[in-house]
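Shown next, in structure tokens, is the structure this report addresses.
The values are calculated or read from the model by the stated rules, or taken from the named source; none is laboratory data. Just so we're clear, the structure is a prediction, and the values are computed from it rather than from any experiment. Every residue, glycine among them, receives a Cβ derived from its backbone with ideal geometry; neighbour counts consider all protein chains shown. Calculation scope for accessible area: heavy atoms of the full protein, side chains included, ligands and nucleic acids excluded. Shrake-Rupley method; radii C 1.70, N 1.55, O 1.52, S 1.80 Å.
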Amino acid sequence: MFVRINQSATSEQIAAIRSRATEAGLAVYEEPSARGLTLALLGPKGFDEKLGEQIAALPGVNAVARPSRAYRLSSQEFREEPTVVKVRDTVVGGGSLTLMAGPCSIESREQLFEVAAGVAAAGATLLRGGAFKPRSSPYAFQGLGLEGLRLLAEARERTGLPIITEVMEPAQVDMVAEFADVLQIGTRNMQNFSLLNAVGRTRMPVMLKRGLSGTIEEWLLAAEYILAAGNRQVILCERGIRTFETAARNTLDLNAVPILRRLTHLPVIVDPSHATGKRWMVAPMSYAGVAAGADGIMVEVHPKPEEAWSDGEQSLTLPMFSRLAGELRTIHSVVSPLHENPGEALGR
Ligand code: PEP
Ligand code: MN
């Protein structure tokens with residue numbers, strides 16, 4: 001249940017509410033906001049009417065609300081204000097435009113440093129690069145592993161760009177967290193619950209990609225695992241889903257952007273590279289993602305896409321990225337005022 005606390009409640013009253021919840025076996029999560037403190041009291045049994053009434057009667061309680069969705073901490077019922085994820089000197093969400101760019105896989109020092117310098121000069125806000133690669137085939141390049149992480153950290157030193165990279169299993173979390181600024185959970189691991197718990201315990205920014213066939217509710221429940229483990233720094237990434245359509249690698253579900261805007265406070269990034277699988281589709285779908293109200297995009301960039309060890313077909317060249325980055329800043333400056341109050345902009 002969600003408990004809205006009176007602005008005038010004393011800390012003793014709040015402590016009493018908390019201990020009533022813990023006695024009942026519920027975990028307590030706090031959300032302070034300008035309108036006052038909200039507590040989420042969560043347990044496996046769902047809403048207990050009787051306990052709800054008892055808590056509503058405690059001093060300091062303004063109201064008790066029954067959650068209407070299966071996910072709780074990721075919902076706007078718990079937190080209305082958009083979450084802004086701070087990553088070193090930059091932020092994701094809160095009206096900013098995030099441009100995550102870099103190679104699919106880190107292949108070598110030369111390749112990574114060339115891309116890193118190029119995307120930094122073009123105004124990227126984060127550098128991406130895979131060191132641990134979840135490949136469909138066991139014979140495909142699996143990534144440079146630890147060596148790749150070291151190169152990423154060096155690229156951060158050289159460019160000042162924070163880095164985002166994928167972590168594939170719980171046993172890798174400590175190692176990847178030592179280097180990365182944002183931990184990426186790939187589409188294939190959206191419902192790897194032990195991995196979600198493990199990144200939830202780090203308190204580091206995490207970008208959770210939508211599962212290949214994950215519904216929006218399953219995706220938010222996956223985010224909920226990270227939040228419930230104590231980590232509020234979660235970013236969602238729409239990267240295309242499996243549909244009957246085979247003309248592109250996946251189908252970019254742009255509906256997800258306005259739907260998530262309404263359901264959750266978490267920032268949303270669109271990845272048109274994995275969504276389309278085709279370089280020539282990346283720019284138009286990036287425009288569309290930003291126009292739909294996404295907080296930014298993640299795109300793959302390679303100095304020589306035709307020689308890339310993975311995902312070359314969908315990788316942009318450096319000049320292509322540089323042009324795209326400028327175009328997206330223009331689009332963002334036009335659309336962001338419209339998204340500030342979409343109800344009004346749509347005449348509703
Ligand atoms: C990636 O971004 O490197 C990646 C593997 O993407 P996805 O998990 O969306 O396939
Ligand atoms: Mn890729």
For this session: Would you compute, from DSSP H runs of 4+ residues alone, the mean residue ellipticity of the chain at 222 nm, taking -39500 (n - 2.57) per run and dividing by the full residue count, rounded to the nearest 500?
Result: -11500 deg cm²/dmol
Exercise. Which distance in nm do the two modelled labels at Met175 and Val91 give, with both placed 7 Å along the Cα-to-Cβ direction?
Worked result: 3.5 nm
Seminar exercise, completed: Beyond 29 Å (Cα-Cα) in this structure, taken from Lys86/Lys209; Lys86/Lys133; Lys86/Lys304; Lys45/Lys133; Lys45/Lys86, we find Lys86/Lys304; Lys45/Lys133; Lys45/Lys86
Seminar exercise, completed: Of the candidates Ala21, Gln111, Pro205, the farthest towards the positive dipole end of the chain (Lys/Arg Cβ +1, Asp/Glu Cβ -1, centred on the Cα centre) is Ala21
For this session: Starting from the Kirkwood radius over alpha-carbon pairs of the chain, derive D by Stokes-Einstein at 37 °C in a medium of 0.692 mPa s and give it in µm² s⁻¹.
Result: 156 µm²/s
For this session: Would you please put 86-98, 205-217, 268-280, 6-18 in order of how densely packed they are, using the mean number of other Cβ atoms within 10 angstrom per residue and starting with the highest?
Result: 268-280, 205-217, 86-98, 6-18
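Taking every pair of alpha-carbon atoms in segment 224-298, give the share separated by more than 22 Å as a whole percent.
Values: 714 of 2775 pairs.
The answer is 26 percent, as a whole percent.
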Exercise. Which cross-chain or sequence-distant (5 or more) residues have an amide H under 5 Å from the amide H of Ser310, H modelled 1.01 Å from N in plane?
Worked result: Ser105
Seminar exercise, completed: The set of residues whose placed amide H lies less than 5 Å from the amide H of Arg249, leaving out same-chain residues fewer than 5 positions away, is Gly277, Lys278
Exercise. At what distance in nm do the modelled label points of Arg135 and Trp280 sit from each other, each positioned 7 Å from its Cα along Cα→Cβ?
Worked result: 2.8 nm
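How much FRET efficiency would the formula 1/(1 + (r/R0)^6) give for Glu147 and Glu340, where r is the Cβ-Cβ distance and R0 is 45 Å, rounded to 0.05? Don't skip to the answer; put the middle values down first.
Details: r = 44 Å, r/R0 = 0.98.
Result of the calculation: an efficiency of 0.55.
With a 1.4 Å probe and every protein chain left in place, work out the accessible area per residue of the chain in Å², rounded to a whole number. Mind showing how you got there, number by number?
Details: 15330 Å² over 348 residues.
For the chain, the solvent-accessible area averages 44 Å² per residue.
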Exercise. Any idea what the alpha-carbon Rg over 2.2 N^0.38 Å comes to for segment 91-202?
Worked result: 1.05
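If you put +1 on each Lys and Arg Cβ and -1 on each Asp and Glu Cβ, how big is the dipole of the chain around its Cα centre, in Debye rounded to 20? Present the calculation step by step, with values, prior to reporting the outcome.
Working: 36 positive and 38 negative charges, 73 e Å.
Around 360 debye, computed over the chain.
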